Each structure stands twice: as structure tokens, then as C-alpha cells.
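Reviewing the structure listed below.
The values are calculated or read from the model by the stated rules, or taken from the named source; none is laboratory data. As the structure is a computational prediction, the values presented were derived from the model and not from experiment. No Cβ is skipped: glycine too gets one built from the backbone with ideal geometry, and neighbour counts run over all protein chains shown. Keep in mind that these areas ignore ligands, DNA and RNA; they rest on the heavy atoms of the full protein, side chains included. Shrake-Rupley method; radii C 1.70, N 1.55, O 1.52, S 1.80 Å.
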Amino acid sequence: MNRKKSILIFLTVLMSTYLLSGQNDTEIQTNEREIVVNSNSDTLSVGYTYWWPYSGPFIGACGNKYALVFLGVVAEINTPVIDTTVSYIPQTGVIEITQILKKENLENEKYNNQKYFSSDCFNGAKLKKGDSVMVFCYEYEGYYSIPGPMSILKIKGENDPAIRSIKKYIKSDQNPIVIKNDITLWKKKGFGNALKQIIECQETIDIKD
């Protein structure tokens, strides 16, 4: 009787140890999955609308509204990939986000204080690791999108006059008239004609009103 009782106790302890061990393994696996998810949640991955005809800070006949504008520093640029299944050359890059200038909560997406931005639109951007940039994202089907490498504008640090100009533009709900005197500035950056176009459009709208 005592021997049977001892065997029963031994088996009970052994089974309890096994179950606890399995529970710990499950907890560890769960924690590992959570770490991966948290790591990924630090990065905002934005789709490349490569079929849009223009990219930059001033697109569309009257100026498309920004969905997200931020300052950052290029953290990584990968080698371009030759992919015959798409109509562009994907080149993935990562930008560390340092300051948000504008953010909109879209139908299917919103900015959740991610630390990094990632997209495969970097081919032709002429950027390198460590460059300071100002990035312009738009809305497409309820998600953030970027229409090309010209929407990643290289700047001379946080005192670049282009930043002050864009801040004025955003504060005015993107009324281009408020930055009409900045055309020379934007001409030097290659966007003078694009700004003139949306100014003329706004002036036409104001006349009709």
C-alpha cells in the first residue's frame, strides 16, 4: 500500500512539473511574439503610389491635401531591386521620424507615434544615410501613401527655410497664397512651377467666391 501511494505521489508531481513547464514555454513563445509585434509597430510602412504623375510638396492642380508631413533623418537605404513583376524599381529606405508637422487620421489608418517610416520609393531620391529630410505623404483609399522620391525632400537641418514655409502653408489649411513670396525658395528646390500652379488655382477660386 505504501509503495503504491509513493508511486502515485511521484506520478502526480511529475505530471504537475510537466504541465508547468509547458505553460512556461507557452508564455515565453507568447512574449517572443509580442516583442516582434511591438518591434514592427515602431515602423510606419507606407505604400508607393508610383503611378501618380507627380510627387513632391505641391501636387495636383490645386494642391492635394497632406495626410502626413514629418521631419526625419535617413537611417537606412537598401540596394535597388530589379523586379519584373512591377512597373518601377523598388528601393526600400527607412527614415527616423523626429518631428510631426501634420497628421490626419484616415479611414483605414492613423499615425500611432511610430519612430520610423519605411517605403520602397527611394530609387532616384539621391539620399544617403544621415541626411535630414522633410517627407510628404498623401491619402490613397484611406491609407497613407507616397507618390515618389521627390516627396522626400532633403533639407539643411531644422532651420531650413523650407520648413518655415511648409509650416505656414499647413497652418493656413494649405492656402498657397500665404507662401506666394516663397516661390524663389521653392524654385531653387525644383518646385517653383508646381507652387505657381496651385497659387493660380487658388486665386481663380478666390475670384469666383
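See the values below:
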item: Flag if D120 is without any contact (Cβ under 8 Å) to a residue 24 or more places away in the chain, of a type in the set (D, E, K, R), out of contact with any Asp or Glu (no Cβ under 9 Å at 6 or more places or on another chain) and open to solvent by 10 Å² or more (accessible area, probe 1.4 Å); result: no
item: Sole exception among (1) closer than 23 Å to Y169 by Cα; (2) surrounded by 17 or more Cβ atoms within 10 Å (Cβ to Cβ) for G60, by number; result: (2)
item: Test: residue in the stretch 95-111 that is touching a Ser or Thr at 6+ places or on another chain (Cβ under 9 Å) and not polar (S, T, N, Q); result: yes
item: Residue within the stretch 125-141 that is without any contact (Cβ under 8 Å) to a residue 40 or more places away in the chain and over 18 Å from the mean Cα position of the chain (by Cα) present; result: yes
item: Filter result for S145 (under 25 Å from T49 (Cβ atoms) and touching a Ser or Thr at 6+ places or on another chain (Cβ under 6 Å)); result: yes
item: Test: P149 is at pLDDT 95 or above, in contact with a Gly (Cβ under 8 Å, 6 or more places away or on another chain) and not aromatic (F, W, Y); result: yes
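Residues are listed down the side, and each one gets a yes or a no for (1) among the β-branched types (V, I, T); (2) within 17 Å of G63 (Cα to Cα):
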| residue | (1), (2) |
| --- | --- |
| V94 | yes, no |
| N113 | no, no |
| D120 | no, no |
| Y138 | no, yes |
